[in-house]
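Student: Below is the structure I would like to discuss, written out as structure tokens.
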Amino acid sequence: MPVSRKRKKSQKSAAAARASRRRDHARRVSLSNMVSGWTAAFTRRVEAARPHARALAESLRESPATGTALEDELCLRLGPLLTELADRTPPDTAELLAAAESGRLDELLAKSDDYIGPEHFAEALADAVADTGADRVRAAVTAILPSPLRERTGLAAPGPALGGPVLWTPDRYGTRFAVVAPFAVPDAPVRWYLWDVDTCTVTPLPVHAGFYASPEEALAAWQVGVGPVAAGGTSWRAADDPELLENVLPALSGLTALGGESAEQHAEYLRCRRLAETVVASLPRHPVPRDRANLPELAAEWMSRWPDAQDEAGAVLDAWPLDVPALALGCSPHRVAYVAQQIREEYGDEAGPILALLPGWVDLLATRNGLAPELVARARPYAEGLTDPDVAPGDRDAHQARVIE
């Protein structure tokens, strides 16, 4: 019977406890080495980014554009450039830790030194424009840089100004959000910036961002991207939940790329976070009471249903994204498929009994959040190991050939 790793408890002998302490000490040393190695690698990648940043700054000096037009040109150029520089995926935390424990950290970092992410390029670009001597270039770069880097451009420019209230809408599953905010432009109409955020996994991810001429145009584009089933009937309303809005918008602390971003996502990678910072700064600081999912009660009800399969039921809870309580009840096809994949990867051959409970968990969430039957019908096949609700349930080969949009 598989045992949830977060719930397993055991009594250790004195010898086992000493061995555990030695392993913990070794791991702390390895973590220290990993942090040191990461810092050194970050510095090397910033240095590697400097020639590219200087070239971009010089090319912007040659552009006749000014103001927001130059800012748009900068973002347009960043798309293919950052995609090219990030073409080689950096090692993840697990790879770094394993390499540190085995003494191969330097070797691993050397193999990925050609990777340059948005966070490295932003550092280099801030320094590059400080030396250009062109205020209009520095102003364009300052307008898209996160707050820790703006001062390094040498230009104390005011940030982008909100030109009205922030609007938002979730999809019908409550796991995909559209947020739009108006930003004032000198001597020009207000421009509306859209964040299309997928919250199905652990970290809310902006899958699309950009300016639109109106909120109606932005909503129409978002609805096309999300699809008619999930986005059907959605409309703008005032963003009246500051806590949830702050959780949904991309944070400056999440500047490190996850990998696999497209040129379109790289084009707005810095600006979407910079403008989100402006929106968050405008939010009221006093809490607004909201009805939240009662997660302890929900977890207790779920566990009570499986008295003979507590470990498996606990594993389902452990795998479900619960960090943002207001989003915990969402059970979209994407989220269900994501959780099923995480369970398969963590438990391997022992995943079967855990996955067998996943449809019941989806049914419980759907009942709690009043999900329409047609939406449940699209999410449940993913819990049953299929990958597309539009394919006949018996045609598993076809299911495996389809991917989630």
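The values are calculated or read from the model by the stated rules, or taken from the named source; none is laboratory data. Here the structure is a predicted model, which means the values were calculated and not measured. Note that we place each Cβ from the backbone using ideal geometry, even for glycine, and neighbour counts take in every protein chain shown. Remember, those area values only see protein heavy atoms, side chains included, never the ligands or the DNA or RNA. Shrake-Rupley method; radii C 1.70, N 1.55, O 1.52, S 1.80 Å.
Student: Residue check: is Ala188 surrounded by fewer than 18 Cβ atoms within 10 Å (Cβ to Cβ), hydrophobic (A, V, I, L, M, F, W, C) and closer than 24 Å to Asp241 by Cα?
Tutor: Against the criterion (surrounded by fewer than 18 Cβ atoms within 10 Å (Cβ to Cβ), hydrophobic (A, V, I, L, M, F, W, C) and closer than 24 Å to Asp241 by Cα), Ala188 does not qualify.
Student: Collect the residues in segment 339-350 that are buried (at least 20 other Cβ atoms within 10 Å of the Cβ) and touching a residue at least 40 places away in the same chain (Cβ under 8 Å), keeping them in residue-number order.
Tutor: Within segment 339-350, Ala340, Tyr347 meet the criteria.
Student: Note down all Cβ pairs under 6 Å where the first residue falls in segment 125-150 and is among the hydroxyl-bearing types (Ser, Thr, Tyr), the second is modelled with pLDDT under 90 and part of a loop (DSSP other than H, G, I, E, B), and they're at least six residues apart or on different chains.
Tutor: Short answer, once both residue conditions are applied: Thr142/Leu155; Thr142/Ala157.
Student: Another question, if that's okay. Here is a list of conditions, (1) in contact (Cβ under 8 Å) with a residue 60 or more places away in the chain; (2) within 30 Å of Ala340 (Cβ to Cβ); (3) exposed (fewer than 15 other Cβ atoms within 10 Å of the Cβ), and Thr203 meets all of them except one; can you say which number that is?
Tutor: (1)
Student: Further question on the same structure: Out of segment 351-370, which residues are part of a loop (DSSP other than H, G, I, E, B), in contact (Cβ under 8 Å) with a residue 60 or more places away in the chain and open to solvent by 40 Å² or more (accessible area, probe 1.4 Å)?
Tutor: Asn369
Student: Scan segment 207-228 residue by residue and report those that are surrounded by 17 or more Cβ atoms within 10 Å (Cβ to Cβ) and touching a Leu at 6+ places or on another chain (Cβ under 9 Å).
Tutor: Once the filter is applied, which keeps residues that are surrounded by 17 or more Cβ atoms within 10 Å (Cβ to Cβ) and touching a Leu at 6+ places or on another chain (Cβ under 9 Å), segment 207-228 yields His208, Ala209, Gly210, Phe211, Tyr212, Pro215, Ala218, Leu219, Trp222.
Student: Right, something else. Can you pull out the residues in segment 80-99 that are modelled with pLDDT of 70 or more and within 23 Å of Leu56 (Cα to Cα)?
Tutor: Pro80, Leu81, Leu82, Thr83, Glu84, Leu85, Ala86, Asp87
Student: In segment 301-325, what residues are open to solvent by 40 Å² or more (accessible area, probe 1.4 Å) and under 24 Å from Asp171 (Cα atoms)?
Tutor: Residues satisfying the conditions are Leu322, Asp323, Pro325.
Student: Restricting attention to segment 162-185, and to residues there that are part of a loop (DSSP other than H, G, I, E, B) and free of Cβ contacts under 8 Å to residues at least 60 places away in the same chain, which single residue is surrounded by the fewest Cβ atoms within 10 Å (Cβ to Cβ)?
Tutor: Applying the filter and picking the extreme gives Gly164.
Student: Sort out for me the helices (runs of 4 or more DSSP H) sitting completely within segment 199-287 that have 2 or more residues that are within 20 Å of the chain's Cα centre (by Cα) and basic (Lys, Arg).
Tutor: Output list reads 269-282.
Student: Determine whether segment 136-146 contains at least one residue that is modelled with pLDDT of 90 or more, closer than 24 Å to Glu264 by Cβ and among the hydroxyl-bearing types (Ser, Thr, Tyr).
Tutor: Looking through segment 136-146, at least one residue is modelled with pLDDT of 90 or more, closer than 24 Å to Glu264 by Cβ and among the hydroxyl-bearing types (Ser, Thr, Tyr).
Student: Starting from segment 324-338, keep only residues that are under 13 Å from Val376 (Cβ atoms) and touching a residue at least 60 places away in the same chain (Cβ under 8 Å), then list their pairs with residues that are part of a loop (DSSP other than H, G, I, E, B) and open to solvent by 20 Å² or more (accessible area, probe 1.4 Å) whose Cβ atoms are within a distance under 6 Å, requiring at least 6 positions of separation or different chains.
Tutor: Pairs found: Leu329/Ala293; Leu329/Asn369; Gly330/Gly174.
Student: Next question. It is to be established whether one or more residues within segment 268-284 are crowded, with 19+ Cβ neighbours inside 10 Å, at pLDDT below 95, over 19 Å from His208 (Cβ atoms) and not hydroxyl-bearing (Ser, Thr, Tyr).
Tutor: no
Student: Would it be correct to say that Ala157 is crowded, with 17+ Cβ neighbours inside 10 Å and either farther than 24 Å from Leu74 by Cβ or of a type in the set (A, V, I, L, M, F, W, C) (or both)?
Tutor: Considered against the rule, which asks whether it is crowded, with 17+ Cβ neighbours inside 10 Å and either farther than 24 Å from Leu74 by Cβ or of a type in the set (A, V, I, L, M, F, W, C) (or both), Ala157 comes out as no.
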